[in-house]
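The values are calculated or read from the model by the stated rules, or taken from the named source; none is laboratory data. All of these numbers come straight from a predicted model, not from anything done at the bench. Cβ sites come from the backbone with ideal geometry, for glycine too, and all protein chains shown count toward neighbours.
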Amino acid sequence: MADFYIDGKWAEAREGGKREIRCPADGSLVATVDEGTRADTEAAIAAARKAFDAGHWSATPAAERGDLLLKVAGLLDRDAEAFAKAESLDIGKRLVESRYDMADIAACLRYFGKLAANDAGRVVDTGNPDAFSRIVHEPVGVCGLISPWNYPLLQTIWKVAPALAAGNTFVLKPSELTPHTSIMLMKLLEEAGLPAGVGNLVLGAGPQAGAPLSEHPDVDLVSFTGGLATGKVIAATAAATVKKVALELGGKNPNVVFADADFETAVDYALTAIFLHSGQVCSAGARLIVQEEWHDRFVDELVRRAELIRLGGPFDEHAETGPLISAAHLAKIERYVEAALAEGAVLRTGGKRPDDAALAKGHYYLPTILDHVKQGSSAVVDESFGPVLTVETFTDEDDAVRIANDTHYGLAGAVFTNDASRAQRVANRLRHGTVWINDFHPYLPQAEWGGFKQSGFGRELGPTGLAEYTEVKHVYQNLKPGPQYWFDGEPAGR
Ligand code: NAD
């Protein structure tokens, strides 16, 4: 079948491995793809190393590298519907959401395509007319790019676009559960004229096909988006060869609602914050932290509306959200909710699979609200990555900030209030990489994305996102070289 792209050629798994991809919405077979092992990834690393060391891609003018990304954006627009369908089949999510994602992905390609040409470095004043100094950005080298399944191509493009813009070569290893749009992306890169070896793709499970990307000495940078536990393994492994490491990890994101907010708006966003894509969003607002006096009314309304949410597969036009990615993930959510209830949480709605026979073959779980969770309990501390909202209360602003920051994660958070200065004060005090005020989830290609604390390090998107894929070099030139006579046998005169 030849699903790997190595050194400009399509290749099969060396050891003949195959993996069935089944749609999470109904278990139907989407396709069987090649499943790689270490040998495949090592071959891809060798190709990326050879292409980088040849120096042609990094020497290509940045504007030309940017043009290639702009071309791919145009090709993606052309094929957007096919990409959206492929993504929806792999991950089970509604086609309409995948269509939005494809537009976001094209925007990201365009952002980095234009940014590449503007990254001119700067001149440093030496204070010496006979010397000249400049700061330049150079590519890091071979980048190992490892992406998750929840936004398969979006998370992938956040890495591929800046890596290419900055002149690197890469080996991409997407999630083994959602390979199709990565295969399709490589076809577009090939069509756009990406030179052989600059972009390489392998598929397969993390410990086999992924691990060499953090271990191999020929990889200079590893950029990983995924779970905290995997991120720790990757960071530790990459340390042995002192690779540059960028980690975009999980979140347990607070949504702080003050009783002076607009009630309908805050309820509406609280639902979107957690139930979009069935909570399989790194920045999902999984922790509702609502001011005490609003608690009963707010939670009653949330429960009422959560029970109206319609579940369904990618092509069900009435569906509002879809299934979980796999049976294993569904089982994990079930265990998470059971543990929360054992710790004293009160189940207000959900907490089980839907009864609807039409959904029986998919990995569906009802939108779930757990009230009165205890601070420090696993329900509040651990990321579920599913459609499970926990509810806590606070008394005043200080209390709200203290509770919202009481987590080892720090990816994103929100504050809802109609008091403009309170909004800014709370946003300033939240220890999270993105803070939304009276909103939830929007992000911009031109604004940095990344976590505080154990949500990761390094930034994606924005100018800093491009900088993650460059080394900074200071070039100093003596314009009037000549002997200095430091040691000329004379008594110390300097
Ligand atoms: P995961 O950690 O299980 O897997 C992510 C990727 O890592 C996959 O491609 C997997 O095959 C690979 N992998 C696993 N073990 C590996 C190893 N030892 N070496 C190399 N690669 C390995 O995560 P997931 O379940 O795919 O994704 C969900 C997680 O991703 C959640 O925690 C979510 O919060 C996080 N996420 C974070 C962001 C962000 O921007 N911070 C965005 C999306 C998802």
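Looking for whichever is away from the ligand (no atom under 14 Å from the Cβ) and buried (at least 19 other Cβ atoms within 10 Å of the Cβ) here; the options are Ala192, Ala209, Ala196, Ala165. Which one fits?
Result: Ala165 is the single residue among Ala192, Ala209, Ala196, Ala165 that is away from the ligand (no atom under 14 Å from the Cβ) and buried (at least 19 other Cβ atoms within 10 Å of the Cβ).
I'm trying to understand the selection: among the residues of the stretch 351-389, which are free of Cβ contacts under 8 Å to residues at least 60 places away in the same chain, within 20 Å of Asn405 (Cα to Cα) and in a helix (DSSP H, G or I)? Listed by number, the residues that qualify are Ser378, Ala379.
As a summary of the residue check, Trp57 satisfies the conditions (1) of a type in the set (A, V, I, L, M, F, W, C); (2) assigned to a loop (DSSP other than H, G, I, E, B); (3) in contact with a Gly (Cβ under 7 Å, 6 or more places away or on another chain) except for the one numbered (2). For the stretch 325-342, the count of residues that are part of a loop (DSSP other than H, G, I, E, B), within 16 Å of the ligand (Cβ to nearest atom), among the hydroxyl-bearing types (Ser, Thr, Tyr) and surrounded by 14 or more Cβ atoms within 10 Å (Cβ to Cβ) is nonzero.
When Val435, Val475 are screened for being over 16 Å from the mean Cα position of the chain (by Cα), crowded, with 18+ Cβ neighbours inside 10 Å and either away from the ligand (no atom under 16 Å from the Cβ) or within 30 Å of Arg348 (Cβ to Cβ) (or both), only Val435 passes.
Take the conditions aliphatic (A, V, I, L, M) and within 30 Å of Asp268 (Cα to Cα) and apply them to Leu466. Does it pass? Full working, then the answer.
On the way: aliphatic (A, V, I, L, M): yes; within 30 Å of Asp268 (Cα to Cα): no.
Here the answer is no, as Leu466 does not meet what is asked.
Which of the following residues is surrounded by 15 or more Cβ atoms within 10 Å (Cβ to Cβ), under 26 Å from the mean Cα position of the chain (by Cα), of a type in the set (Val, Ile, Thr) and more than 24 Å from Pro139 (Cβ to Cβ): Ile105, Ile6, Ile45, Ile91?
Numbers: Ile105 fails: more than 24 Å from Pro139 (Cβ to Cβ); Ile6 fails: more than 24 Å from Pro139 (Cβ to Cβ); Ile45 fails: more than 24 Å from Pro139 (Cβ to Cβ).
Checking each option against the conditions leaves just Ile91.
Sort out which residues of the stretch 402-413 are aliphatic (A, V, I, L, M) and farther than 15 Å from Phe452 by Cβ, and write them in order of number. Before the answer, list the steps.
In the first step, residues of the stretch 402-413 are kept if they are aliphatic (A, V, I, L, M); the result is 403-404, 411-412.
Result: Ile403, single match.
Number of residues in the stretch 349-367 that are of a type outside the set (D, E, K, R), in contact with a Ser or Thr (Cβ under 9 Å, 6 or more places away or on another chain) and closer than 18 Å to Ser326 by Cβ: the value is 4.
Rundown of residues vs (1) of a type outside the set (Gly, Ala, Ser); (2) near the ligand (Cβ under 9 Å from one of its atoms); (3) at pLDDT 95 or above; (4) surrounded by fewer than 18 Cβ atoms within 10 Å (Cβ to Cβ), yes/no style:
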residue: Lys187; (1), (2), (3), (4): yes, no, yes, yes
residue: Leu201; (1), (2), (3), (4): yes, no, yes, no
residue: Ala205; (1), (2), (3), (4): no, yes, yes, yes
residue: Glu215; (1), (2), (3), (4): yes, yes, yes, no
residue: Val222; (1), (2), (3), (4): yes, yes, yes, no
residue: Leu249; (1), (2), (3), (4): yes, yes, yes, no
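Candidates Leu75, Leu89: the one that is out of contact with any Pro (no Cβ under 7 Å at 6 or more places or on another chain) and either at negative phi or basic (Lys, Arg) (or both) is Leu75.
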